[in-house]
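What follows is a single structure, written as C-alpha coordinates, with notes after it.
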Amino acid sequence: MTATVSTTDTPLNASRATNAGIARKAKAYLALTKPRVIELLLVSTLPTMIYAERGFPSIGLILATLVGGAFAAGSAGAFNCYIDRDIDKLMHRTENRPLVTGEVTPREALIFSWLLGAAAIAILWFGANPLSAWLGLGAIFFYVVIYTIILKRRTAQNIVWGGAAGCFPVLIAWAAVTNSVEWPAVILFMVIFLWTPPHYWPLSMRYGEDYRNANVPMLGAIAGAKVVSVQVVLYAWAMVACSLLMVPAGGAGWVYTVTAVLAGAWFLYESHSLYSRAHREDITDKRAMKVFHGSISYLTLLFIALAVDPFIGPAVIAG
(Lines give C-alpha, C1' and ligand atoms only; values in the text may rest on other atoms or scores of the structure.)
Protein backbone atom coordinates (compact mmCIF):
# COMPACT_ATOMS: atom_id res chain seq x y z
CA MET A 1 0.00 0.00 0.00
CA THR A 2 1.31 3.45 -0.91
CA ALA A 3 0.19 6.76 0.45
CA THR A 4 -0.30 9.82 -1.74
CA VAL A 5 0.35 13.26 -0.35
CA SER A 6 -1.40 16.26 -1.86
CA THR A 7 0.77 19.33 -2.25
CA THR A 8 -1.87 21.58 -3.71
CA ASP A 9 -2.58 23.30 -0.42
CA THR A 10 0.89 23.51 1.05
CA PRO A 11 2.00 26.91 2.42
CA LEU A 12 4.59 27.19 -0.36
CA ASN A 13 2.02 26.74 -3.12
CA ALA A 14 -0.41 29.07 -1.37
CA SER A 15 2.33 31.70 -1.15
CA ARG A 16 3.15 31.32 -4.83
CA ALA A 17 -0.50 31.65 -5.75
CA THR A 18 -0.79 34.78 -3.62
CA ASN A 19 2.31 36.32 -5.19
CA ALA A 20 1.04 35.49 -8.68
CA GLY A 21 -2.29 37.11 -7.84
CA ILE A 22 -0.59 40.26 -6.57
CA ALA A 23 1.64 40.44 -9.65
CA ARG A 24 -1.36 39.98 -11.95
CA LYS A 25 -3.28 42.71 -10.13
CA ALA A 26 -0.31 45.08 -10.26
CA LYS A 27 0.07 44.44 -13.98
CA ALA A 28 -3.61 45.21 -14.47
CA TYR A 29 -3.32 48.51 -12.60
CA LEU A 30 -0.26 49.40 -14.68
CA ALA A 31 -2.21 48.67 -17.87
CA LEU A 32 -4.89 51.14 -16.76
CA THR A 33 -2.33 53.95 -16.94
CA LYS A 34 -1.58 53.28 -20.64
CA PRO A 35 2.21 53.08 -20.14
CA ARG A 36 3.01 53.41 -23.85
CA VAL A 37 1.31 56.79 -23.90
CA ILE A 38 3.25 57.80 -20.78
CA GLU A 39 6.53 56.84 -22.46
CA LEU A 40 5.68 59.05 -25.42
CA LEU A 41 4.81 61.99 -23.17
CA LEU A 42 8.01 61.66 -21.17
CA VAL A 43 10.02 61.82 -24.40
CA SER A 44 9.15 65.51 -24.57
CA THR A 45 9.50 66.34 -20.85
CA LEU A 46 13.19 65.92 -20.04
CA PRO A 47 14.48 67.56 -23.26
CA THR A 48 12.23 70.55 -22.61
CA MET A 49 13.60 70.85 -19.07
CA ILE A 50 17.18 70.72 -20.35
CA TYR A 51 16.46 73.33 -23.01
CA ALA A 52 14.73 75.63 -20.52
CA GLU A 53 17.66 75.32 -18.09
CA ARG A 54 20.22 75.50 -20.93
CA GLY A 55 21.85 72.63 -19.08
CA PHE A 56 20.85 69.92 -16.64
CA PRO A 57 18.39 70.83 -13.88
CA SER A 58 18.86 69.28 -10.44
CA ILE A 59 18.22 65.54 -10.19
CA GLY A 60 15.50 66.17 -7.61
CA LEU A 61 13.63 68.51 -9.92
CA ILE A 62 13.96 66.12 -12.86
CA LEU A 63 12.63 63.18 -10.83
CA ALA A 64 9.74 65.17 -9.37
CA THR A 65 8.71 66.44 -12.79
CA LEU A 66 9.03 63.08 -14.53
CA VAL A 67 7.27 61.13 -11.78
CA GLY A 68 4.59 63.79 -11.28
CA GLY A 69 4.03 64.03 -15.02
CA ALA A 70 3.89 60.24 -15.39
CA PHE A 71 1.37 59.99 -12.55
CA ALA A 72 -0.78 62.74 -14.10
CA ALA A 73 -0.78 60.98 -17.47
CA GLY A 74 -1.46 57.64 -15.76
CA SER A 75 -4.36 59.11 -13.83
CA ALA A 76 -5.87 60.53 -17.01
CA GLY A 77 -5.42 57.18 -18.77
CA ALA A 78 -7.07 55.29 -15.91
CA PHE A 79 -10.03 57.69 -15.85
CA ASN A 80 -10.32 57.18 -19.61
CA CYS A 81 -10.40 53.39 -19.19
CA TYR A 82 -13.10 53.75 -16.52
CA ILE A 83 -15.30 56.03 -18.63
CA ASP A 84 -14.79 54.12 -21.90
CA ARG A 85 -15.17 50.60 -20.51
CA ASP A 86 -18.45 50.17 -22.39
CA ILE A 87 -16.90 50.82 -25.79
CA ASP A 88 -13.55 49.19 -25.03
CA LYS A 89 -15.26 45.80 -24.95
CA LEU A 90 -16.55 46.39 -28.49
CA MET A 91 -13.13 46.95 -30.05
CA HIS A 92 -10.48 44.31 -30.71
CA ARG A 93 -7.73 46.85 -29.97
CA THR A 94 -9.00 47.39 -26.43
CA GLU A 95 -10.78 44.15 -25.58
CA ASN A 96 -7.97 43.05 -23.25
CA ARG A 97 -7.98 46.13 -21.06
CA PRO A 98 -8.34 45.32 -17.33
CA LEU A 99 -11.87 46.68 -16.95
CA VAL A 100 -13.03 44.61 -19.91
CA THR A 101 -11.43 41.37 -18.71
CA GLY A 102 -12.53 41.94 -15.12
CA GLU A 103 -8.99 42.02 -13.66
CA VAL A 104 -9.94 45.37 -12.09
CA THR A 105 -13.42 46.40 -10.98
CA PRO A 106 -14.86 49.81 -11.95
CA ARG A 107 -14.75 50.91 -8.31
CA GLU A 108 -11.09 49.91 -7.99
CA ALA A 109 -10.23 51.72 -11.21
CA LEU A 110 -11.99 54.90 -10.13
CA ILE A 111 -10.29 54.98 -6.72
CA PHE A 112 -6.93 54.28 -8.36
CA SER A 113 -7.48 57.14 -10.84
CA TRP A 114 -8.23 59.66 -8.10
CA LEU A 115 -5.32 58.54 -5.91
CA LEU A 116 -2.84 58.67 -8.79
CA GLY A 117 -4.07 62.12 -9.81
CA ALA A 118 -3.80 63.45 -6.25
CA ALA A 119 -0.28 62.03 -5.95
CA ALA A 120 0.69 63.67 -9.26
CA ILE A 121 -0.46 67.11 -8.15
CA ALA A 122 1.25 66.77 -4.75
CA ILE A 123 4.55 65.66 -6.29
CA LEU A 124 4.55 68.50 -8.81
CA TRP A 125 3.47 71.07 -6.22
CA PHE A 126 6.11 70.24 -3.61
CA GLY A 127 8.79 68.78 -5.89
CA ALA A 128 8.67 71.50 -8.54
CA ASN A 129 6.28 74.44 -8.04
CA PRO A 130 2.54 75.23 -7.88
CA LEU A 131 2.42 76.38 -11.53
CA SER A 132 3.55 72.99 -12.80
CA ALA A 133 1.00 71.33 -10.48
CA TRP A 134 -1.84 73.47 -11.87
CA LEU A 135 -0.75 72.59 -15.39
CA GLY A 136 -0.73 68.91 -14.44
CA LEU A 137 -4.28 69.27 -13.16
CA GLY A 138 -5.18 71.01 -16.40
CA ALA A 139 -3.77 68.11 -18.43
CA ILE A 140 -5.87 65.58 -16.49
CA PHE A 141 -9.00 67.74 -16.82
CA PHE A 142 -8.47 68.26 -20.54
CA TYR A 143 -8.00 64.55 -21.32
CA VAL A 144 -10.77 63.26 -19.06
CA VAL A 145 -13.46 65.92 -19.42
CA ILE A 146 -12.82 67.74 -22.71
CA TYR A 147 -11.66 64.74 -24.74
CA THR A 148 -13.12 61.59 -23.18
CA ILE A 149 -16.46 62.86 -21.88
CA ILE A 150 -17.33 65.72 -24.25
CA LEU A 151 -15.61 65.26 -27.62
CA LYS A 152 -14.66 61.63 -28.24
CA ARG A 153 -18.12 60.25 -29.00
CA ARG A 154 -19.52 63.40 -30.63
CA THR A 155 -17.16 64.77 -33.28
CA ALA A 156 -14.49 63.71 -35.75
CA GLN A 157 -12.43 66.64 -34.45
CA ASN A 158 -12.12 64.83 -31.10
CA ILE A 159 -8.44 64.02 -31.41
CA VAL A 160 -7.58 67.53 -32.64
CA TRP A 161 -8.81 69.41 -29.59
CA GLY A 162 -8.71 66.55 -27.13
CA GLY A 163 -5.15 65.84 -28.16
CA ALA A 164 -4.13 69.12 -26.56
CA ALA A 165 -3.90 67.17 -23.29
CA GLY A 166 -0.82 65.46 -24.69
CA CYS A 167 0.82 68.84 -25.23
CA PHE A 168 0.81 69.80 -21.53
CA PRO A 169 4.02 67.93 -20.59
CA VAL A 170 6.17 70.56 -22.34
CA LEU A 171 4.38 73.34 -20.43
CA ILE A 172 4.78 71.42 -17.16
CA ALA A 173 8.47 70.83 -17.89
CA TRP A 174 9.14 74.47 -18.76
CA ALA A 175 7.20 75.72 -15.73
CA ALA A 176 9.06 73.30 -13.44
CA VAL A 177 12.38 74.87 -14.45
CA THR A 178 11.46 78.53 -14.92
CA ASN A 179 8.23 78.90 -12.89
CA SER A 180 6.74 80.52 -16.00
CA VAL A 181 5.39 79.68 -19.45
CA GLU A 182 7.37 81.44 -22.19
CA TRP A 183 7.25 81.50 -25.99
CA PRO A 184 9.52 78.48 -26.58
CA ALA A 185 7.17 76.37 -24.42
CA VAL A 186 4.16 77.66 -26.35
CA ILE A 187 5.84 76.78 -29.67
CA LEU A 188 6.65 73.27 -28.47
CA PHE A 189 3.06 72.93 -27.24
CA MET A 190 1.82 73.84 -30.73
CA VAL A 191 4.26 71.44 -32.41
CA ILE A 192 2.76 68.52 -30.46
CA PHE A 193 -0.77 69.89 -30.96
CA LEU A 194 -0.26 69.88 -34.75
CA TRP A 195 1.57 66.55 -34.61
CA THR A 196 -1.30 64.69 -32.93
CA PRO A 197 -3.70 64.43 -35.95
CA PRO A 198 -1.12 63.07 -38.44
CA HIS A 199 0.06 60.75 -35.67
CA TYR A 200 -3.34 59.36 -34.68
CA TRP A 201 -5.47 59.50 -37.81
CA PRO A 202 -3.43 56.85 -39.67
CA LEU A 203 -3.93 54.61 -36.62
CA SER A 204 -7.67 55.23 -36.76
CA MET A 205 -7.58 54.16 -40.42
CA ARG A 206 -5.98 50.88 -39.39
CA TYR A 207 -8.63 50.30 -36.70
CA GLY A 208 -11.54 51.92 -38.52
CA GLU A 209 -13.80 48.87 -38.13
CA ASP A 210 -13.24 48.93 -34.37
CA TYR A 211 -14.29 52.56 -34.09
CA ARG A 212 -17.33 52.02 -36.31
CA ASN A 213 -18.41 49.08 -34.16
CA ALA A 214 -18.16 51.28 -31.06
CA ASN A 215 -19.82 54.25 -32.81
CA VAL A 216 -16.82 56.51 -32.16
CA PRO A 217 -16.44 59.08 -34.98
CA MET A 218 -12.66 59.01 -35.47
CA LEU A 219 -11.87 60.63 -38.80
CA GLY A 220 -10.03 57.56 -40.08
CA ALA A 221 -13.13 55.47 -39.41
CA ILE A 222 -15.81 57.69 -40.91
CA ALA A 223 -13.99 59.37 -43.80
CA GLY A 224 -12.28 57.87 -46.81
CA ALA A 225 -8.53 57.48 -47.12
CA LYS A 226 -8.39 60.44 -49.54
CA VAL A 227 -9.92 62.82 -47.02
CA VAL A 228 -7.74 61.57 -44.19
CA SER A 229 -4.54 61.76 -46.23
CA VAL A 230 -5.24 65.38 -47.19
CA GLN A 231 -5.65 66.28 -43.53
CA VAL A 232 -2.48 64.41 -42.60
CA VAL A 233 -0.49 66.36 -45.19
CA LEU A 234 -1.92 69.74 -44.12
CA TYR A 235 -1.23 69.15 -40.44
CA ALA A 236 2.24 67.79 -41.21
CA TRP A 237 3.17 70.97 -43.08
CA ALA A 238 1.79 73.15 -40.28
CA MET A 239 3.71 71.09 -37.70
CA VAL A 240 7.04 71.36 -39.51
CA ALA A 241 6.58 75.10 -40.05
CA CYS A 242 5.76 75.54 -36.37
CA SER A 243 8.81 73.54 -35.31
CA LEU A 244 11.02 75.99 -37.22
CA LEU A 245 9.63 78.91 -35.20
CA MET A 246 12.00 77.76 -32.47
CA VAL A 247 14.82 79.28 -34.53
CA PRO A 248 13.71 82.95 -34.54
CA ALA A 249 11.53 82.88 -31.42
CA GLY A 250 13.05 80.17 -29.22
CA GLY A 251 16.79 80.67 -29.49
CA ALA A 252 17.42 77.29 -31.15
CA GLY A 253 20.89 76.41 -32.37
CA TRP A 254 22.16 74.44 -35.34
CA VAL A 255 21.59 70.97 -33.90
CA TYR A 256 17.89 71.57 -33.44
CA THR A 257 17.54 73.53 -36.68
CA VAL A 258 19.17 70.91 -38.91
CA THR A 259 17.25 68.08 -37.21
CA ALA A 260 13.94 69.93 -37.52
CA VAL A 261 14.54 70.49 -41.24
CA LEU A 262 15.73 66.97 -42.08
CA ALA A 263 13.28 65.07 -39.86
CA GLY A 264 10.49 67.35 -41.00
CA ALA A 265 11.34 66.77 -44.67
CA TRP A 266 11.34 63.00 -44.08
CA PHE A 267 7.94 63.04 -42.35
CA LEU A 268 6.49 65.27 -45.06
CA TYR A 269 7.70 62.74 -47.63
CA GLU A 270 5.94 59.92 -45.77
CA SER A 271 2.76 62.01 -45.48
CA HIS A 272 2.74 62.83 -49.18
CA SER A 273 3.39 59.17 -49.96
CA LEU A 274 0.28 58.29 -47.98
CA TYR A 275 -1.64 60.96 -49.90
CA SER A 276 -0.44 59.63 -53.27
CA ARG A 277 -1.35 56.05 -52.45
CA ALA A 278 -4.76 57.11 -51.14
CA HIS A 279 -5.55 58.91 -54.40
CA ARG A 280 -4.40 55.88 -56.39
CA GLU A 281 -6.60 53.77 -54.11
CA ASP A 282 -3.52 51.72 -53.33
CA ILE A 283 -3.43 52.31 -49.58
CA THR A 284 -2.97 49.50 -47.07
CA ASP A 285 -3.00 49.19 -43.30
CA LYS A 286 0.76 48.72 -43.45
CA ARG A 287 1.22 52.06 -45.23
CA ALA A 288 -1.03 53.87 -42.75
CA MET A 289 0.86 52.38 -39.80
CA LYS A 290 4.16 53.40 -41.37
CA VAL A 291 3.08 57.03 -41.03
CA PHE A 292 1.90 56.36 -37.47
CA HIS A 293 5.25 54.87 -36.43
CA GLY A 294 7.11 57.51 -38.45
CA SER A 295 5.41 60.25 -36.48
CA ILE A 296 6.76 58.77 -33.25
CA SER A 297 10.28 58.63 -34.69
CA TYR A 298 9.96 62.24 -35.89
CA LEU A 299 8.93 63.56 -32.48
CA THR A 300 11.64 61.55 -30.73
CA LEU A 301 14.36 62.91 -33.03
CA LEU A 302 13.11 66.47 -32.65
CA PHE A 303 13.20 66.37 -28.84
CA ILE A 304 16.55 64.58 -28.69
CA ALA A 305 17.91 67.44 -30.79
CA LEU A 306 16.24 69.91 -28.43
CA ALA A 307 18.06 68.31 -25.48
CA VAL A 308 21.46 68.31 -27.21
CA ASP A 309 21.12 71.78 -28.71
CA PRO A 310 22.10 73.90 -25.67
CA PHE A 311 25.42 72.11 -25.36
CA ILE A 312 26.58 72.58 -28.96
CA GLY A 313 27.02 76.02 -30.45
CA PRO A 314 25.14 79.30 -30.10
CA ALA A 315 21.68 80.20 -31.33
CA VAL A 316 21.28 80.43 -35.10
CA ILE A 317 19.74 83.87 -34.70
CA ALA A 318 21.41 85.77 -31.90
CA GLY A 319 19.02 87.55 -29.58
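Selection of the range 276-308 for residues being over 21 Å from the mean Cα position of the chain (by Cα) and modelled with pLDDT of 90 or more yields SER276, VAL308.
Among the residues of the range 212-221, those that are open to solvent by 60 Å² or more (accessible area, probe 1.4 Å) and either farther than 19 Å from ARG154 by Cα or touching a residue at least 60 places away in the same chain (Cβ under 8 Å) (or both) comprise ASN213, ASN215.
State all residues of the range 167-222 that are aliphatic (A, V, I, L, M) and not in a helix (DSSP H, G or I); if no residue qualifies, say none.
Step one: filter the range 167-222 for residues aliphatic (A, V, I, L, M), giving 170-173, 175-177, 181, 185-188, 190-192, 194, 203, 205, 214, 216, 218-219, 221-222.
Across the range 167-222, the qualifying residues are VAL181, ALA214, VAL216, MET218.
Within the range 28-65, the set of residues being in contact (Cβ under 8 Å) with a residue 24 or more places away in the chain, over 19 Å from GLY250 (Cα atoms) and open to solvent by 60 Å² or more (accessible area, probe 1.4 Å) comprises VAL37, LEU63. Restricting to the range 285-315, what's the tally of residues that are open to solvent by 10 Å² or more (accessible area, probe 1.4 Å), part of a helix (DSSP H, G or I) and not small (Gly, Ala, Ser)? So the answer is 14.
Filter the range 244-263 down to the residues that are touching a Leu at 6+ places or on another chain (Cβ under 7 Å) and within 17 Å of PHE189 (Cβ to Cβ) and list them by number.
To start, the set of residues in the range 244-263 that are touching a Leu at 6+ places or on another chain (Cβ under 7 Å) comprises 256, 259-260, 263.
Residues satisfying the conditions are TYR256, ALA260.
When the range 222-278 is filtered for residues that are closer than 17 Å to ILE304 by Cα, open to solvent by less than 60 Å² (accessible area, probe 1.4 Å) and of a type in the set (Phe, Trp, Tyr), the ones remaining, listed by number, are TYR256, PHE267. With VAL104, VAL43, VAL67, VAL37 as the choices, which residue is assigned to a helix (DSSP H, G or I), closer than 23 Å to ARG153 by Cβ and not acidic (Asp, Glu)? Residue meeting the stated conditions: VAL37. Flag not set for ALA318, criterion: within 22 Å of ALA238 (Cβ to Cβ) and either small (Gly, Ala, Ser) or open to solvent by less than 50 Å² (accessible area, probe 1.4 Å) (or both).
Put simply, of TRP183, TRP195, TRP125 the only residue that is without any contact (Cβ under 8 Å) to a residue 40 or more places away in the chain and either out of contact with any Phe, Trp or Tyr (no Cβ under 6 Å at 6 or more places or on another chain) or open to solvent by less than 20 Å² (accessible area, probe 1.4 Å) (or both) is TRP125. Tell me whether the range 151-158 contains one or more residues that are outside any helix (DSSP H, G or I), open to solvent by less than 30 Å² (accessible area, probe 1.4 Å) and closer than 30 Å to ALA221 by Cβ. There is at least one residue in the range 151-158 that is outside any helix (DSSP H, G or I), open to solvent by less than 30 Å² (accessible area, probe 1.4 Å) and closer than 30 Å to ALA221 by Cβ.
The values are calculated or read from the model by the stated rules, or taken from the named source; none is laboratory data. What you are looking at is a predicted structure, and each value in this text was computed from that prediction instead of being measured. Virtual Cβ from ideal backbone geometry, glycine too; neighbours counted across all protein chains shown. The area values use the complete protein model at the heavy-atom level, side chains included, leaving out ligands, DNA and RNA. Shrake-Rupley method; radii C 1.70, N 1.55, O 1.52, S 1.80 Å.
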